[in-house]
Amino acid sequence: QVQLVESGGGLVQAGGSLRLSCAASGRTISTYPMGWFRRASGKEREFVIGISRSGGSRYYADSVKGRFTISRDNAKNTVYLQMNSLKPEDTAVYYCAAGTILTTRSREYNYWGQGTQVTVSS
């Protein structure tokens, strides 16, 4: 098993930036594609961005392309989400997940963090 813990969320103004971290323990993340999902109040959980095991491939939701970047440091067992040019519609709880394949489908991810709140004010 692998345990995932997100950190770095908070309150920022529109146009600002945040960097979220996902620290893993129990197992190395090198064998897992990793993804970030988010759930806004009253909305379904949605895929945000994902990265392959080696870091060579990435998937982006259209809403964040050009603004968000995912990276991984397998030596540190950590995945990052850099969020720039934040908009109020980015407000949500953000979740880190480890999956079986790089995909946008949440059911293909087996391990999840507890989530971290990101709030963007206008």
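General remarks:
- Some residue of segment 28-35 being open to solvent by less than 40 Å² (accessible area, probe 1.4 Å), of a type in the set (G, A, S) and either assigned to a loop (DSSP other than H, G, I, E, B) or farther than 18 Å from K87 by Cα (or both): yes
- Residues of segment 1-44 that are at pLDDT 95 or above and among the basic types (K, R): R19, R38, R39, K43.
- Residues that are closer than 18 Å to A98 by Cβ, of a type in the set (S, T, Y) and in contact with a Gly (Cβ under 9 Å, 6 or more places away or on another chain), drawn from segment 53-75: S57, Y59, S71
- In segment 81-110, the residues that are within 22 Å of S41 (Cα to Cα) and of a type in the set (S, T, Y): S85, T91, Y94, Y95, T104, S106, Y109
- Within segment 97-118, being farther than 11 Å from G50 by Cβ and either among the acidic types (D, E) or exposed (fewer than 14 other Cβ atoms within 10 Å of the Cβ) (or both) holds for T100, R107, N110, Q114, Q117.
Results for (1) more than 15 Å from G115 (Cβ to Cβ); (2) surrounded by fewer than 20 Cβ atoms within 10 Å (Cβ to Cβ); (3) under 10 Å from the mean Cα position of the chain (by Cα), shown as yes or no for each residue.
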| residue | (1), (2), (3) |
| --- | --- |
| R39 | no, yes, no |
| R45 | no, yes, no |
| Y59 | yes, yes, no |
| G66 | yes, yes, no |
| D73 | yes, yes, no |
| L81 | no, no, yes |
| K87 | yes, yes, no |
| D90 | no, no, no |
| Y95 | no, no, yes |
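The values are calculated or read from the model by the stated rules, or taken from the named source; none is laboratory data. This is a predicted model, so every value here is computed, not measured. Don't worry about glycine lacking a Cβ; one is built from the backbone with ideal geometry, like all the others, and counts go over all protein chains shown. The protein model used for the area step is the full one, side chains on, heavy atoms only, and it has no ligands, DNA or RNA in it. Shrake-Rupley method; radii C 1.70, N 1.55, O 1.52, S 1.80 Å.
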